[in-house]
Amino acid sequence: MSKTLVVMIHGLTGGEGTWVNDESGASFSELLQADSKISDQIDVIEFDYFTKIVNLTQNVLGRSFVGLINKFPGLNFNKPKIRKNSSINSLTNSLATFLEVESANYDSIIFVCHSMGGLIGKNFILNHIAEEYEDIQIPVIGYISLATPHRGAFPAVILGPINVNAKELQPLNEDMTTLNDLWVDSFDDLPKSYYVEAQHDECVGKLSATPNTVKRFKSKTLQVSHSEICKPLDSNDLTCKVVSKYLEEILHTHRQKN
């Protein structure tokens, strides 16, 4: 039987540690992969990308400074690689390249997204619906949004001047508003989608946890913070149970259609 590829996408300042519980060391992706109800139907991978709030050293000036220091006897510093924050559109293109390779042996894709990762996932899905990825012919059958700022996040206003992604995440940002409007307008063509709000979220407000207030975009609420929602303690953690349940429902719907 063909399998579904579950792709987990972290948010701003995230990385591999996004999905790991600090107390138990449990990995969210491993917990999902181990769920006996769905384990034989899925493989879970993480899409990682560079993201920092402030990145003063990872640039040409930083490399030049290290190069100068290394000219002195007895001093030897590793020259830093140049890495910079990229726009959501650019990150979406990176995700597409990633999936061209990673999804080759699967029959479908599901996204599990935290925070800004949900915007990257949305952007990919809309481009995929528009048939922009000729090398990715399999469908995206599910989308799970965990504390995604669909309509912006007010803390981003403070960081906007120094961070390209924070600028994009500001409420009423033109590009993100256009993305959200297109998502809402494409409702009938979207994959089976779920929206989960963090009740104690310090970054994303309740009204932003779903694409709009129309009843068909319903969210569920977990009693966690913005960072806790993607770090379940173990398989009995409610966050893990909720996401596993949604994955099971998406897979069931997909198998029925096929």
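Read-outs: derived from the displayed coordinates by stated rules, not from any lab. Bear in mind that the values here come from a model prediction, so they are computed numbers and not experimental data. Because the Cβ atoms are built from the backbone with ideal geometry, glycine has one as well, and the counts that use them run over all protein chains shown.
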*How far, in degrees from 0 to 90, does helix 238-257 lean away from the longest principal axis of the Cα atoms of the chain, to the nearest 10?*
60 degrees
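If you only keep lysine pairs separated by 8 or more in sequence, or across chains, how many in region 95-239 come under 16 Å at the Cα atoms? If you can, show how the numbers build up before the last one.
Numbers: LYS122/LYS192; LYS192/LYS215; LYS192/LYS218; LYS192/LYS220; LYS206/LYS215; LYS206/LYS218; LYS206/LYS220.
The number of close lysine pairs in region 95-239 is 7.
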*Which ordering of THR4, THR97 is given by a fewest-first count of other beta-carbon atoms within 10 Å?*
THR97, THR4
*Starting from the Cα of ASP135, step 7 Å along the direction of its Cβ; do the same at SER219; then give the gap between the two resulting points in nm.*
3.6 nm
*Other-chain or far-sequence residues with amide H under 5 Å of ILE136's (modelled H)*: none
*With the Cα gyration tensor of the chain giving a ≥ b ≥ c as the square roots of its eigenvalues, does the rule (a/c under 1.5 for rounded; else a/b larger than b/c for prolate; else oblate) give rounded, prolate or oblate?*
prolate
*Mind giving me the nanometre distance, one decimal, between the label points for ASP43 and SER235, set 7 Å out from Cα along Cα→Cβ?*
2.1 nm
*asked:* Going Cα to Cα from LYS241, which aspartates and glutamates come in below 20 Å? Please leave out same-chain ones fewer than 8 positions away.
replied: ASP22, GLU23, GLU30, ASP35, ASP40, ASP43, GLU46, GLU197, ASP201, GLU228, GLU249
_On Cα atoms only, tilt of 60-69 relative to the major axis of the chain in degrees_ = 40 degrees
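Under the 0.36 nm per residue contour assumption, what length would be gained going from the current alpha-carbon distance of LYS84 and HIS252 to full extension? Working shown, then result.
Details: separation 168, 0.36 × 168 = 60.48 nm, distance 4.00 nm.
Gain in length upon complete extension: 56.5 nm.
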*Dipole magnitude of the chain about its Cα centre, charges +1 at Lys/Arg Cβ and -1 at Asp/Glu Cβ only, in debye to the nearest 20?*
660 debye
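Under the rule a/c < 1.5 gives rounded, and otherwise a/b versus b/c splits prolate from oblate, where does region 123-258 land using the Cα gyration tensor? Can you show the working numbers first?
Values: a/c = 1.88, a/b = 1.13, b/c = 1.67.
Judged from the Cα gyration tensor, region 123-258 comes out oblate (a/c at least 1.5, b/c at or above a/b).
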_If packing is taken as the average number of other Cβ atoms within 10 Å across a peptide's residues, how do 202-209, 6-13, 163-170, 215-222 rank, most packed first?_
6-13, 163-170, 202-209, 215-222
_Principal-axis tilt of helix 117-129 within the chain, Cα atoms, nearest 10 degrees_ = 60 degrees
*asked:* Per residue of region 137-148, what does 6.51 cos²θ - 1.76 cosθ + 1.60 with θ = phi - 60° give for ³J(HN,Hα)? Whole Hz please, x for Gly and Pro, Karplus curve as stated.
replied: 9, 7, x, 8, 9, x, 9, 10, 9, 10, 6, 8
_Using the Karplus curve 6.51 cos²θ - 1.76 cosθ + 1.60 with θ = phi - 60°, what ³J(HN,Hα) values do you get for each residue of region 191-198, in whole Hz, with x for Gly and Pro?_
x, 4, 10, 9, 10, 10, 9, 8
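Is region 6-57 rounded, prolate or oblate when judged by the Cα gyration tensor, a ≥ b ≥ c being the square roots of its eigenvalues, rounded requiring a/c under 1.5 and prolate requiring a/b larger than b/c? Before the final figure, lay out each step's value.
Numbers: a/c = 4.69, a/b = 2.02, b/c = 2.32.
Here region 6-57 falls in the oblate category.
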*Order of ASP201, ASP48, ASP234 under a 10 Å beta carbon neighbour criterion, fewest first*: ASP234, ASP48, ASP201
